[in-house]
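A.B. asks: Following this message is one structure expressed as structure tokens.
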Amino acid sequence: MQSLLSIILLFPALGGLVLLCVPNSQTRLIRILGLTISFITFVLSLLLWVFFDHSTAKFQFVNAVDWLPFLNMHFYIGIDGISLFFILLTTFLVPFCLLVGWDSVQKNVKEYFIAFLFLESFMLAVFCMLDLLLFYVFFESVLLPMFLIIGVWGSRERKIRAAYQFFLYTLIGSLFMLLAILLIYFQTGTTDLQVLFVSEFSLQRQLLLWFAFFASFAVKVPMIPVHIWLPEAHVEAPTSGSVILAGVLLKLGTYGFVRYSIPLFPEASVYFTPLIYTLSIIGVIYASLTTLRQIDLKKIIAYSSVAHMGFVTLGLFSLNIQGIEGALFLMLSHGFVASALFLCIGVLYDRTHTRLVKYYGGLVHVMPLFSVFFLIFTMGNLSLPGTSSFVGEFLILVGVFQTNPFVATFAATGMILGGAYSIWLYNRVVFGNLKPFFIDTFMDVNRREFFIFLPFVFCVLWMGFYPEVFLEPMHTSVANLVQHGQWRG
Amino acid sequence: MYLTILFLPLLGFLLAASGGRFFGWRGTPLITTFCVFLSSLFSFIAFYEVGIAGSPCYIQLAPWFTSEFFDATWGFMFDSLTVVMLVVVTFVSTLVHIYSISYMSEDPHLPRFMSYLSIFTFFMLMLVTADNFIQLFFGWEGVGLASYLLINFWYTRLQANKSAIKAMLVNRVGDFGLALGIIATFSLFKSVDFATVFACSAHFAENSFIFFHLEWHALSLICALLFVGAVGKSAQLGLHTWLPDAMEGPTPVSALIHAATMVTAGVFMIARCSPLFEQAPQTLILVTVTGALTAFFAATTGVVQNDLKRVIAYSTCSQLGYMVFACGISQYAVGVFHLMNHAFFKALLFLSAGAVIHALADEQDMRKMGGTIKVLPFTYSMMFIGSLALIGFPFLTGFYSKDVILEVAYAKYTVAGTFTYWLGAVSALFTSYYSFRLLFLTFIGPVNSLKDSLKHVHDAPFLMGFPLFLLAFGSIFVGYLAKDMMIGMGTQFWGNALFMGPDHGLLVESEYIPQAIKYIPILFSFLGFLFALNLNLLGASFSYSLKTSTFGRTLYIFLNKRWLFDKMYTDFVALPALFFGYNVSFKTLDKGLLEIVGPAGVIQTVSQGGRQLRKMQSGLIYHYAFIMLCSLTFLIAFVGLWDFFSFFVETHLYFIAATTLVFSADS
């Protein structure tokens, strides 16, 4: 059982290598093989959930391999209640990304599948790495396949610019983190996370290090002044790219906060809480209002992601159990809801090759099933009770309200604004009279798309009606995180 | 059995939604109606067991989500308040289901309609049976969604789309308040469970709470926030604008959702939270005044509406105001009693209006009706009964609750009480005016409708008539039958469901107010009838001169434009928000400032810098010689004066200096 995590980690990458040996012309074989590999990974990761021990905050499935012994750096992996579900989310989403590109990706099929499988391995590595330097390495390496996915399989000429922008923004932020990691290494002589958890930094140094980490994570989240790469990248990326971007990549930043910033620098986290609160509230309100006026379907979801991630950072830095659990839950939920919304848009784009809202209207006439799916995900987006987002958002508000009611009130306006843009979008696209522009290209979801949507619907509702299953494994780890901060601080 | 009440409508929804195309336009209505009918039957049994036999029932189903102290469960509580609501909801819902079969029979989307009705019923039942705030919120938002879908049922109509969005959004503002109220409750009580919170309310009566950097009386703040939710859902003044617009939905929807059940959720919530509100005297005044103002505002606006359904909608709004201010003066039982009575006669009015509209080929404008009493005698008599019950005609249902509300308001002997009494009494005048105006214009006045539509006029068929008949029966007798049980002196009916502070009982007091005060509402109602008769039927010249005078016109426009609330919201809320969302946040910041200091700026700087550097590569030997000379001089000077420069080159010092600069101020 100990090596299960390593197997999951390596499986997609090895599968990618296997695919490399299949000749280019065998597209069908490549597709089926790629899908099988990612699906097996998912099934294996379910085993993680089954064998996960809820009662401890220890890292589980730990595995260590010597990497640079003379520098005291090791390839050291393990998961706890915080990272467990991100592993599951990643392995869950990748098969669907591959399925989405089943028909629409016609050129460079092999490369597409290989890129996604490697991306999956990298993302999984980020979530289970317990070594600071290697975390950084994988955190950055995620950029490479993503850069290719946007740059090669994107839809327009502007994609090159978007890919560069995406790359540079995230890279510039991370450079500070690298410096900070070096500083930590030179102070403590190790990059082993578990050792670092019990080492102490002076307040001055904490502030410096925290800010360096923040520079990197804030770009990934993205928080407000550095968010403009996100709409651009989403718009240019192919559907599957958007799904992974919204579903997993955005979570890397917030995961970084909760895994590194908060436990390593607890005093600095308290010190900088007002900064995070301010940026998050601005994020929620500013992004929501901007969303209202967007005309590109993908930009609408992209900006609404910024708003939701604002909620997440708010919850994380409430530094109490409800806030952090809510934030983790909202991250998961957003991974399902936003991904599903991008899938919906992908369905529309495959038919009409436009993403402008004004060309759509009255889709319920021609695509009733699609309308139902879209409705469920839209309700998820505006966090209607009974969908997954509600649980997360409500817990976050509960958490934040106890530390700062003022902030919670402002954040709660996001409920109104979120309702505004979600329902307006839905209404414009689905209801009203059928617009005649693409009247002969519309058809309802086909079987492949139907079965892509079904698991998402299931997850969104399941997490909405009975989220205990997901919250239960988090409790101990989150309580440990909060206690840890209090003990150190 | 108790859970079956809830889940039968859900079952009906699931069957209709997933299998509607297989069951068809005959099967689906049959299935859904049967489910709701059974549910209604069980509700009556539950009413007997819980309400009359006095054995409340509590079912804990499953945990929902927990986090530290926060514990939300799927739990159901059936006490007297719940079963009253159960009976009202399922009974009206069943009748509306039956009515819709006939009313919507020509609509190809009938199965979809029935499934929406059922899911609405389910959410509403979840709302009234909740045993904690979170589940209440679940039902609360759920009915909002169902309302959105139902208003938008004819989704190709632009007006329906707009109204549906408006209903959802305005309600969302209320939900914002409710959510904050719930969260505040949790942070004070560390529980969201009704039983726990209400039991502890007295212990926290003196607590204060820091909110927006001000110190508030904790329970007043919580109740005020909860009340914002009620304002949204029950269409009280300020957030009422969605209710009249919601009339774009099919008429059965208006009867079920926007008259009898959903809009009363706010009143229900206040009554449910009565132990909290009783400890918050300031908020009670707020509730009272808001309710009274709503009653008055809506009644005046209803006077000049020309759309048949809108008149009734404003009437609903006004009656909700009565209920809310009854709660505000601590008479929750009276408020809930009026809620129940109102459900009967308002559903009757709406369904009769639907019958008229149906008969006149979907004509809703009262100015294009008239004289239909001859062709629609049954509908007219139903409407007449409903109207009489509404205006509080003695010994009809409305009389027993509406009059009591006004009397207890007066018996309060406070500024707020007297204020609400007079506003309520004047509203009674307007209520009677617009009710009779509606009757005169629609049924009695000169015929103004098209010949084509009159040719096909037919009175309500059995499936539509039968619900009307039952509701009319209720409108006449329910008040009389239930009065002693629900608001009688010393009744045991409510048990622990409603709580009233020991010094807030006014029912005895209200028996001792001056006799004249008791007659005033009835007198005013009669006056309203006289005005209506005079203005709309008999006194044509007086009516004409009033309508053409400047004062009359100004007043008319002001009232007809609904006191310009919508205009205000558009100009001061919606448009600035939309302006900000594009011109400020998107154009100026995202695509302006952030782009200039971000990617666009970098691209510009790098490419320009590159051009500058390229120019230096001139290929002319004297350029290079000059640069070499300069560099050499600089280098020699640098090496020669190293002792001096080294101070600046020492990188550690830079680092230390920068760090100190940044953090010296803070530490």
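No lab work stands behind these numbers, since they all come straight from the coordinates. Computed from a prediction, not measured in an experiment: that's the story for all the values here. Counting neighbours? That spans all protein chains shown, and the Cβs are built from the backbone with ideal geometry, glycine included.
A.B. asks: Need the C-alpha centroid separation for the stretch B:438-490 versus the stretch A:256-320, integer Å.
C.D. replies: Taking the Cα centre of the stretch A:256-320 as reference, the centre of the stretch B:438-490 is 55 Å away.
A.B. asks: Let me ask something else about it. Mean projection of the alpha-carbon convex hull of the stretch B:580-646 over all orientations, in nm²?
C.D. replies: Approximately 7.8 nm², given one-decimal rounding.
A.B. asks: Can you classify the stretch B:516-564 as rounded, prolate or oblate using the Cα gyration tensor, where a ≥ b ≥ c are the square roots of its eigenvalues, rounded means a/c under 1.5, and otherwise it's prolate if a/b beats b/c and oblate if not?
C.D. replies: Oblate.
A.B. asks: By count of other Cβ within 10 Å, fewest leading, how are B:F44, B:F194 ordered?
C.D. replies: B:F44, B:F194
A.B. asks: With N set to the number of residues, divide the alpha-carbon radius of gyration of the stretch B:351-439 by 2.2 N^0.38 Å and report two decimals.
C.D. replies: Compared with the compact-globule rule of thumb, the stretch B:351-439 sits at 1.36.
A.B. asks: A further question on this structure: Taking the Cα-to-Cβ direction at B:F44 and at A:L20 and moving 7 Å from each Cα, how far apart do the two end points lie in nm?
C.D. replies: 7.6 nm
A.B. asks: Which three lengths, in whole Å and largest first, does the protein assembly as shown cover when its Cα atoms are put on their principal axes?
C.D. replies: Rounded to whole Å, the extents work out to 111, 67, 66 Å.
A.B. asks: Hey, what did chain A get for relative contact order, percent, Cα under 8 Å, at least 6 apart?
C.D. replies: 15 percent
A.B. asks: Another one. Please arrange A:T273, A:T290, B:T633, B:T659 by counting, for each residue, the other beta carbons lying within 10 Å of its beta carbon, fewest first.
C.D. replies: Fewest-to-most Cβ neighbours within 10 Å comes out as B:T633, B:T659, A:T273, A:T290.
A.B. asks: Oh, and also: Helix A:27-51 against the longest principal axis of chain A: what's the angle in degrees, Cα atoms only, rounded to the nearest 10?
C.D. replies: Long axis of A:27-51 versus the principal axis of chain A: about 50 degrees.
A.B. asks: I would also like to ask the following. Hey, could you grab the Kirkwood Rh for the stretch B:123-232? Inverse mean 1/r over distinct alpha carbon pairs, Å, one decimal.
C.D. replies: Value: 15.2 Å, from the Cα pair sum.
A.B. asks: What number does chain A give for Rg over Rh if you use C-alpha atoms and the Kirkwood radius?
C.D. replies: Checking Rg against Rh, the ratio lands at 0.95.
A.B. asks: So what are the stretch B:522-609's ellipsoid semi-axes, whole angstrom, largest first, if each one is the square root of 5 times an eigenvalue of the alpha-carbon gyration tensor?
C.D. replies: 63, 13, 7
A.B. asks: Where does the charge balance sit around B:D566 when Lys and Arg score +1, Asp and Glu -1, over other residues with C-beta under 12 Å from its C-beta?
C.D. replies: +3
A.B. asks: Mind pulling the angle between the C-alpha long axis of helix A:4-20 and the longest principal axis of chain A? Nearest 10 degrees, somewhere in 0 to 90.
C.D. replies: Rounded to the nearest ten degrees, it is 50.
A.B. asks: Please compute the average number of Cβ atoms from other chains found within 10 Å of each residue's Cβ in peptide A:362-372.
C.D. replies: 1
A.B. asks: Next up: Identify, among B:G291, A:F377, B:A313, the residue whose Cα sits farthest towards the positive end of the charge dipole of the protein assembly as shown, taking +1 on the Cβ of Lys and Arg and -1 on the Cβ of Asp and Glu, with the dipole about the Cα centre.
C.D. replies: Working it through, the farthest residue towards the positive pole turns out to be B:A313.
A.B. asks: Provide the packing ranking of B:594-603, B:237-246, B:492-501, A:63-72, i.e. peptides ordered by the mean count of other C-beta atoms within 10 Å per residue, highest first.
C.D. replies: Packing proxy ranking, top to bottom: B:237-246, B:492-501, B:594-603, A:63-72.
A.B. asks: Return the subset of A:K298/B:K166; A:K107/A:K298; B:K346/B:K402; A:K58/A:K220; B:K166/B:K309 for which the Cα-Cα distance in this structure is over 20 Å, preserving the input order.
C.D. replies: Correct reply: A:K298/B:K166; A:K107/A:K298; A:K58/A:K220.
A.B. asks: While we're on this one: So, in Å, what gap is there between the alpha-carbon centers of the stretch B:263-340 and the stretch B:80-128?
C.D. replies: Centre-to-centre (Cα) distance: 23 Å.
A.B. asks: Follow-up. Order of A:M415, B:M124 from fewest to most other C-beta atoms within 10 Å?
C.D. replies: Listing A:M415, B:M124 from fewest to most nearby Cβ atoms yields A:M415, B:M124.
A.B. asks: If the convex hull of the alpha-carbon atoms of the stretch B:263-418 is projected onto planes in all directions, what is the mean projected area in square nanometres?
C.D. replies: 9.2 nm²
A.B. asks: Taking 0.36 nm per residue of separation and subtracting the Cα-Cα distance, what length does fully extending B:H458 through B:K587 add?
C.D. replies: Fully extending the segment from B:H458 to B:K587 adds 40.6 nm.
A.B. asks: Among the trypsin sites (Lys or Arg not before Pro) within the stretch B:352-456, which fall in a DSSP loop and have no more than 15 other Cβ atoms within 10 Å of their own Cβ?
C.D. replies: Listed in order of number, the matching sites are B:K374.
A.B. asks: What do you get for the angle between helix A:468-488 and the principal long axis of chain A? Use alpha-carbon atoms, 0 to 90 degrees, nearest ten.
C.D. replies: 30 degrees
A.B. asks: Using every Cα-Cα pair within the stretch A:65-111, state what percent have a distance larger than 12 Å.
C.D. replies: 74 percent
A.B. asks: Place a +1 charge on the Cβ of each Lys and Arg in chain A and a -1 charge on the Cβ of each Asp and Glu, then give the dipole magnitude about the Cα centre in debye, rounded to the nearest 20.
C.D. replies: The calculated dipole for chain A is roughly 1220 debye.
A.B. asks: A follow-up question, please. Over all directions, what mean area does the Cα convex hull of the stretch A:273-489 project, stated in square nanometres?
C.D. replies: 11.8 nm²
A.B. asks: The stretch B:206-233 to the stretch A:73-97: how many Å between their Cα centroids?
C.D. replies: Distance between centres, Cα-based: 42 Å.
A.B. asks: Shifting gears a bit: Using the Kirkwood radius over Cα pairs, work out the Stokes-Einstein diffusion coefficient for the stretch A:1-77 at 10 °C and 1.306 mPa s, in µm²/s as a whole number.
C.D. replies: Answer, rounded: 108 µm²/s.
A.B. asks: Rule-of-thumb check for the stretch B:154-560: C-alpha Rg over 2.2 N^0.38 Å?
C.D. replies: 1.00
A.B. asks: Continuing with the same structure: What does the average come to when, for each residue of peptide B:584-592, you count the partner chain Cβ atoms lying within 10 Å of its Cβ?
C.D. replies: Shielding by partners across B:584-592 averages 5.
A.B. asks: I've got another one for you. If you take each beta carbon of peptide A:414-423 and count the beta carbons of other chains within 10 angstrom, what is the mean?
C.D. replies: Across A:414-423, the average partner-chain Cβ count within 10 Å equals 5.
A.B. asks: Apply the a/c threshold of 1.5 to the C-alpha gyration tensor of the stretch B:463-596 and tell me whether it is rounded, prolate or oblate.
C.D. replies: Oblate.
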